[in-house]
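Worksheet: the structure to be examined is printed underneath.
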Amino acid sequence: MQGVEASKKNSHLFFSFLLLLSFHLTLSLANKKAISKDQPCKHMVLYLHDIIFNGTNVANATSAQIAGSKPPLGDFFFGKFVVFNDLITGDHHLLSPAIARAQGFFFYNMKTDYNAWFAYTLVFNSTEYKGTINIMGADLIMMETRDLSVVGGTGDFFMTRGIATLRTDTFENIDYFRLKMDIKLYECY
């Protein structure tokens, strides 16, 4: 008799466990958002303005070379390492209101062509957005457009992922350049 009751108790526990497991799986699947490369959950077009320190523009410079070979190793800045705290605007005008700052670094890593590797954070502190977006990847400068990975974020962009497509919008010698960033986020929480 005790064996039958123990068996009933064990099967009751087993079915309770299965019920809890199926409830958990149902909730997990219900909260899972479908990701479509054709439909980002958030889309922004921003402009990064980089003013390179040239020895005389201390007040206006937003980036500076902190390492690199002297003389340079070849014609493509190989080994040059730059840190930056660049202005981000919603249009191509340098004097437009700031939406964010791009804080990070890049270094030139090819001897045969212009190529840089970027890692930076867009730090938002505006009425529209609060938080950060982290971006990194290879910038094949001579290509018309380049895709860098959005690898995370905080605040309004908590744990986001996506693609930042860069396009050189303008450059003036080696003192200033502006990048158009077409940012498409595919994971938004």
Counting only residues that are within 15 Å of R178 (Cα to Cα) and either surrounded by 17 or more Cβ atoms within 10 Å (Cβ to Cβ) or hydroxyl-bearing (S, T, Y) (or both), the stretch 136-145 contains a total of 3
Quick one: is T170 at pLDDT 95 or above, among the polar types (S, T, N, Q) and touching a strand residue (DSSP E or B) at 6+ places or on another chain (Cβ under 6 Å)?
-> no
Checking I133, I163 in turn, the sole residue that is touching a Gly at 6+ places or on another chain (Cβ under 6 Å), within 13 Å of M44 (Cβ to Cβ), open to solvent by less than 70 Å² (accessible area, probe 1.4 Å) and free of Cβ contacts under 8 Å to residues at least 60 places away in the same chain turns out to be I133
Quick one: which strands (runs of 3 or more DSSP E) sit completely within the stretch 39-128 and have at least 3 residues that are touching a residue at least 60 places away in the same chain (Cβ under 8 Å), over 20 Å from E172 (Cβ atoms) and open to solvent by 50 Å² or more (accessible area, probe 1.4 Å)?
-> 42-51
Filter the stretch 166-189 for residues that are open to solvent by 60 Å² or more (accessible area, probe 1.4 Å) and in a strand (DSSP E or B) and give the result.
-> R167, D169, F171, E172, K180, K184
So is I35 at pLDDT below 90, surrounded by 12 or more Cβ atoms within 10 Å (Cβ to Cβ) and within 23 Å of the chain's Cα centre (by Cα) or not?
-> yes
Pull up the stretch 146-160, narrow it to residues that are open to solvent by less than 40 Å² (accessible area, probe 1.4 Å) and of a type in the set (V, I, T), then point me to the one that is nearest to L48 (Cα to Cα).
-> V150
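The values are calculated or read from the model by the stated rules, or taken from the named source; none is laboratory data. This is a predicted model, so every value here is computed, not measured. Quick reminder, even Gly has a Cβ in these numbers, built from the backbone with ideal geometry, and neighbours come from all protein chains shown. Just the protein is used for accessible areas: all its heavy atoms, side chains included, with ligands, DNA and RNA removed. Shrake-Rupley method; radii C 1.70, N 1.55, O 1.52, S 1.80 Å.
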